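Asks: Questions regarding the structure given below will be posed in turn.
The values are calculated or read from the model by the stated rules, or taken from the named source; none is laboratory data. What you are looking at is a predicted structure, and each value in this text was computed from that prediction instead of being measured. Glycine gets a Cβ as well: all are built from the backbone with ideal geometry, and neighbour counts include every protein chain shown.
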Amino acid sequence: MIILTGNDLKTGAVVWWDGSDWVLHIENAIDVGGNAEAVMAREESARRVNVPYAVEATLTDGVARPNHIKDRIRALGPTVRPDLTLKPADPEIGNWVI
Amino acid sequence: MVDILRFRDDEAVDHAAVTVDSFVEQTNANAVRIEPSDDARDLIPHLAQIHLVEVNFPVFGDGRGYSAARILREAGYTGEIRAVGDVLVDQIGNMKRCGFDAFEPDAPLDPADVKAALNRWPEVYQESADSRTPIWNLRHE
Amino acid sequence: MYAYDKYDQAMVDARVEEFRDQAQRRLDGKLSEDQFKPLRLMNGLYLQLHAYMLRVAVPYGTLNSRQMHALADIADKYDRGYGHFTTRQNIQYNWIKLEDAGDILADLAAVEMHAIQTSGNCIRNISSDHFAGAAQDELVDPRPYAELLRQWSSFHPEFMYLPRKFKIAVIASDTDRAAMRLHDIGIQIVKNDAGELGASFYVGGGMGRTPMIAPNIREFVPLDQLITYSEACLRVYNRYGRRDNKYKARIKILVHELGAEEYTRQVEEEFAHLLGQGIEPPIAELGRIKTFFTDPEFADGAKTVDRSDPDFALWVDRNTHRHKHDSYVSAVISLKPVGGIPGDATAEQMHLMAQLARDYSFDELRVMHTQNIVLPHVRIEDLHALWTALDEAGLGTPNLDRIGDIIACPGLDYCSLANARSIPLAQKISQRFTANGKEDTLGELKLKISGCINACGHHHAGHIGILGVDKKGVENYQLLLGGSEAEDTSLAKITGPGFSEDGIVDAVETAADVYLSQREDGERFLDTYRRIGMAPFKEALYG
Ligand code: SF4
């Protein structure tokens, strides 16, 4: 599947495209199929997202899991600071990233 | 027609600038256009006959034109030096310091932004091609 | 240390306003990201893996307690309670909002700090010897020259869009603690036969994709021509440095392709021309700057410590450096706790270090390029009190220049350019060598890790270097041996095929064991490597 990510222009936060908005949690990312370029161009020019790009991912346990480790780290946060990630309380989350 | 921002009182040259190569051959031209890879020093023997040097910025991130302008001013050239191409408001302050006195940007500049940019710096640290006195000279006047 | 006058202050204040205006124009859509990017980079603002990152300049690594407190406050107020000290003596924050950036710059300006030119294709923060003004072996304090260069390079109208970034280091001793010859320009302040001070210029060094050691292009530039000569070096680069390929755009490639001799000839020609242009600052300006770097009032006192506490004695042996006054030392605060993140400090730790600087070091701190902090002037009789306070705060690790004192770039945990993570390796290696007790026996061993070829972690210059690479989407690590960034500068060589994350930790231990079994009296790892060469290491690693 193809999902979209970028950063929020004002806050810099990593965001994912859920079909109508840019959201923090990758769980809400949708497969945009062949529409990636069109959505990104529209959203970037409206400044609803900054430097978006398309990510190849695989649906795993119902959640898009990016194929490249870089995007998995983006989705969660730094592996060396679990306390600062989006899932600080989940001891298993490291396995999802690595 | 794009707006030309000029900081000179004389009449603007109204015909097209020629390339450095054709300028060197074509002895009657008085306007020449420098590309980033041209050597501004090739013009030095001919400065007396030149009234306009256009310095092209195909992309704003290519900074060779800044050196070109300063080199011409250091050689005593007093005619117009015009920045053309991808000339943006956040770069014109430094261009002016390097000796540019006219700007012909691809995309028009907001006059309020131009004014803010040109009035931004209360002082300057270095000597350059403008007449501003560097801070280190002010300190030891 | 240097203090702003009304001019310096007006310049940083103007910069804050300029950036507020630029950020607003970006938010309003008047600037595209492509147009805004170089502008924000010249204010140290990156868009990193997780958020905006702000890099704050610490000119030549020197700061006072008020500034360190302000850095801590920024970490608390705008970030997540910590900062990361970098290999260019700066500090960076990882979780910055664009909307806050203007306010942060204003807070910095209030304590005479800024983020000017901490990124972008321009002249970056000038770095220097972290023991400047304190070291027993220095000719003079190199920082006044660095400060003069700071002013010259700030907002330089001609050199804001160079082919690539440009890094300058200034030292003034034969011992090189600033990796001087691995900079675009390295300057050593020297004395000529007539006893006059001048600057020896090394140009075209660097790490990254094509590491090079800078050749000396001029042995002596008189001090009243320092800026003019620098300007000539930069102008030749601005005009002729390659712009067709980002990876060939650093000045090292120009110097290499032209040859040092031809580059020097062009610089000399430009220099001769510029000498007639009157661009040199009045020599009195250097004199003015020097008045800010005079010695504090050192007082005689104890010259030795009470060594009855072995932990304290160990820390003194490892983490203090000889001072020009024999009742003082420079004390290194390790930001490399075992299993910790190299270079990270919490806001509380920063506040504490600031307080200790005030109490024990004439209000002064230094950032080392090895990502530690120095208190430059500590009375020997205060060392025990200082150590006690540091130890309680987890800042007393006695590992300076040991295998646990690892340089590690942020790597894939934070950096959008990374191929692999660096920090977890540093954590595992420091834990491994503490647990097996070998850190002590190994002695001086400088290990440096970069998460990609950009080499922010100086892996080429490590006695042992590690480079993260991307092997079909999986992190992989190359091992390098034999680098040095000291006065005996050398570039490390790759041992062979790369290793997995756990494999590389084993490989480091294997290499360390080869050294332990082969070393002769008094040899460091690097000396043994240089004597026996790569073969025995390869044999042990790949058999
Ligand atoms: S070396 Fe590479 S991964 Fe590490 S900080 Fe530099 S650019 Fe990022």
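Asks: Quickly run through the stretch A:14-35 and pick out the residues that are among the aliphatic types (A, V, I, L, M), surrounded by fewer than 18 Cβ atoms within 10 Å (Cβ to Cβ) and closer than 27 Å to C:ASP28 by Cβ.
Replies: Scanning the stretch A:14-35 gives A:VAL23, A:LEU24.
Asks: I'm told C:VAL474 meets every condition in (1) in contact with a Phe, Trp or Tyr (Cβ under 9 Å, 6 or more places away or on another chain); (2) farther than 17 Å from C:ILE213 by Cα except one. Can you identify the failing condition by its number?
Replies: Unmet for C:VAL474, out of (1) in contact with a Phe, Trp or Tyr (Cβ under 9 Å, 6 or more places away or on another chain); (2) farther than 17 Å from C:ILE213 by Cα: (1).
Asks: Same structure, new question: Only one of C:ALA249, C:ALA260, C:ALA272, C:ALA284 is in contact with a strand residue (DSSP E or B) (Cβ under 9 Å, 6 or more places away or on another chain) and assigned by TED's automatic domain parsing to the domain that holds C:GLU196. Can you tell me which? First the steps, then the outcome.
Replies: Details: C:ALA249 fails: in contact with a strand residue (DSSP E or B) (Cβ under 9 Å, 6 or more places away or on another chain); C:ALA272 fails: in contact with a strand residue (DSSP E or B) (Cβ under 9 Å, 6 or more places away or on another chain); C:ALA284 fails: in contact with a strand residue (DSSP E or B) (Cβ under 9 Å, 6 or more places away or on another chain).
The conditions single out C:ALA260.
Asks: Can you tell which of C:SER173, C:SER127, C:SER153 is touching a strand residue (DSSP E or B) at 6+ places or on another chain (Cβ under 8 Å), hydroxyl-bearing (Ser, Thr, Tyr) and at the interface with another protein chain (Cβ under 9 Å from one of its Cβ atoms)?
Replies: Working: C:SER173 fails: at the interface with another protein chain (Cβ under 9 Å from one of its Cβ atoms); C:SER127 fails: at the interface with another protein chain (Cβ under 9 Å from one of its Cβ atoms).
So the residue among C:SER173, C:SER127, C:SER153 that is touching a strand residue (DSSP E or B) at 6+ places or on another chain (Cβ under 8 Å), hydroxyl-bearing (Ser, Thr, Tyr) and at the interface with another protein chain (Cβ under 9 Å from one of its Cβ atoms) is C:SER153.
Asks: Suppose we filter C:GLU364, C:GLU348 for residues that are out of contact with any Leu (no Cβ under 7 Å at 6 or more places or on another chain) and over 30 Å from C:GLY451 (Cα atoms); which single one remains?
Replies: Working: C:GLU348 fails: over 30 Å from C:GLY451 (Cα atoms).
Exactly one residue qualifies, and that residue is C:GLU364.
Asks: So C:ASP470 clears everything in (1) in a loop (DSSP other than H, G, I, E, B); (2) more than 24 Å from C:THR370 (Cβ to Cβ) except one condition, right? Which one?
Replies: Just one mismatch for C:ASP470, condition (1).
Asks: Kindly indicate whether A:TRP17 is at pLDDT 95 or above and of a type outside the set (A, V, I, L, M). Don't jump to the end; show me each part of the working.
Replies: Details: at pLDDT 95 or above: yes; of a type outside the set (A, V, I, L, M): yes.
It is true that A:TRP17 is at pLDDT 95 or above and of a type outside the set (A, V, I, L, M).
Asks: Something else about it: List the strands (runs of 3 or more DSSP E) inside the stretch B:22-123, counting only whole elements, that have at least 2 residues being more than 9 Å from chain C (Cβ to nearest Cβ), touching a Leu at 6+ places or on another chain (Cβ under 7 Å) and without any contact (Cβ under 8 Å) to a residue 40 or more places away in the chain.
Replies: Values: elements: B:31-34, B:52-57, B:80-85, B:102-105.
Hits in the stretch B:22-123: B:31-34.
Asks: Please specify each residue of the stretch C:445-478 satisfying the condition of being among the polar types (S, T, N, Q) and farther than 19 Å from C:ASP502 by Cα.
Replies: Let us first name the residues in the stretch C:445-478 that are among the polar types (S, T, N, Q), namely C:450, C:454, C:476, C:478.
Answer for the stretch C:445-478, where residues must be among the polar types (S, T, N, Q) and farther than 19 Å from C:ASP502 by Cα: just C:ASN454.
Asks: Would you call C:ALA214 within 13 Å of C:TYR145 (Cβ to Cβ), in contact with a strand residue (DSSP E or B) (Cβ under 7 Å, 6 or more places away or on another chain) and small (Gly, Ala, Ser)?
Replies: Taking the combined requirement at face value, the residue does not satisfy it.
Asks: Follow-up question, since we're still on this one. Is one or more of the residues making up the stretch C:148-167 free of Cβ contacts under 8 Å to residues at least 24 places away in the same chain, over 30 Å from C:TYR78 (Cα atoms) and not in a helix (DSSP H, G or I)?
Replies: So far as the stretch C:148-167 goes, yes, one or more of its residues are free of Cβ contacts under 8 Å to residues at least 24 places away in the same chain, over 30 Å from C:TYR78 (Cα atoms) and not in a helix (DSSP H, G or I).
Asks: Go through the stretch C:382-416 and give me each residue that's β-branched (Val, Ile, Thr) and buried (at least 22 other Cβ atoms within 10 Å of the Cβ). Explain how you work it out, then say what you get.
Replies: Taking the stretch C:382-416 and keeping what is β-branched (Val, Ile, Thr), we get C:388, C:397, C:403, C:406-407.
Matches in the stretch C:382-416: C:THR397, C:ILE403, C:ILE406, C:ILE407.
Asks: Something else now. Consider the stretch C:1-12. How many of its residues are part of a helix (DSSP H, G or I), out of contact with any Leu (no Cβ under 9 Å at 6 or more places or on another chain) and surrounded by fewer than 19 Cβ atoms within 10 Å (Cβ to Cβ)? First the steps, then the outcome.
Replies: Just the residues of the stretch C:1-12 that are part of a helix (DSSP H, G or I), to begin with: C:6-12.
Adding the requirement that they be out of contact with any Leu (no Cβ under 9 Å at 6 or more places or on another chain) leaves C:6, C:8-11.
The next check asks that each one be surrounded by fewer than 19 Cβ atoms within 10 Å (Cβ to Cβ); those that pass are C:6, C:9-10.
Counting residues in the stretch C:1-12 that are part of a helix (DSSP H, G or I), out of contact with any Leu (no Cβ under 9 Å at 6 or more places or on another chain) and surrounded by fewer than 19 Cβ atoms within 10 Å (Cβ to Cβ) gives 3.
Asks: Ok, one more. Which of the residues spanning the stretch C:447-480 are away from the ligand (no atom under 16 Å from the Cβ), without any contact (Cβ under 8 Å) to a residue 60 or more places away in the chain and away from chain A (no Cβ under 14 Å)?
Replies: Within the stretch C:447-480, none qualify.
Asks: Still on this structure, please answer the following. In the stretch C:13-28, which residues are over 16 Å from B:LEU109 (Cα atoms) and either among the aromatic types (Phe, Trp, Tyr) or not in a helix (DSSP H, G or I) (or both)?
Replies: Correct list: C:PHE19 only.
Asks: Something else: So, in the stretch A:36-68, exactly how many residues are crowded, with 19+ Cβ neighbours inside 10 Å and at pLDDT below 95?
Replies: 0
Asks: So which residues in the stretch C:22-60 are on the phi > 0 side of the Ramachandran plot and surrounded by fewer than 20 Cβ atoms within 10 Å (Cβ to Cβ), if there are any at all?
Replies: Matches in the stretch C:22-60: C:GLY29 only.
Asks: When residues of the stretch B:124-141 are filtered for being more than 8 Å from chain C (Cβ to nearest Cβ) and closer than 18 Å to C:ARG150 by Cα, how many remain?
Replies: 1
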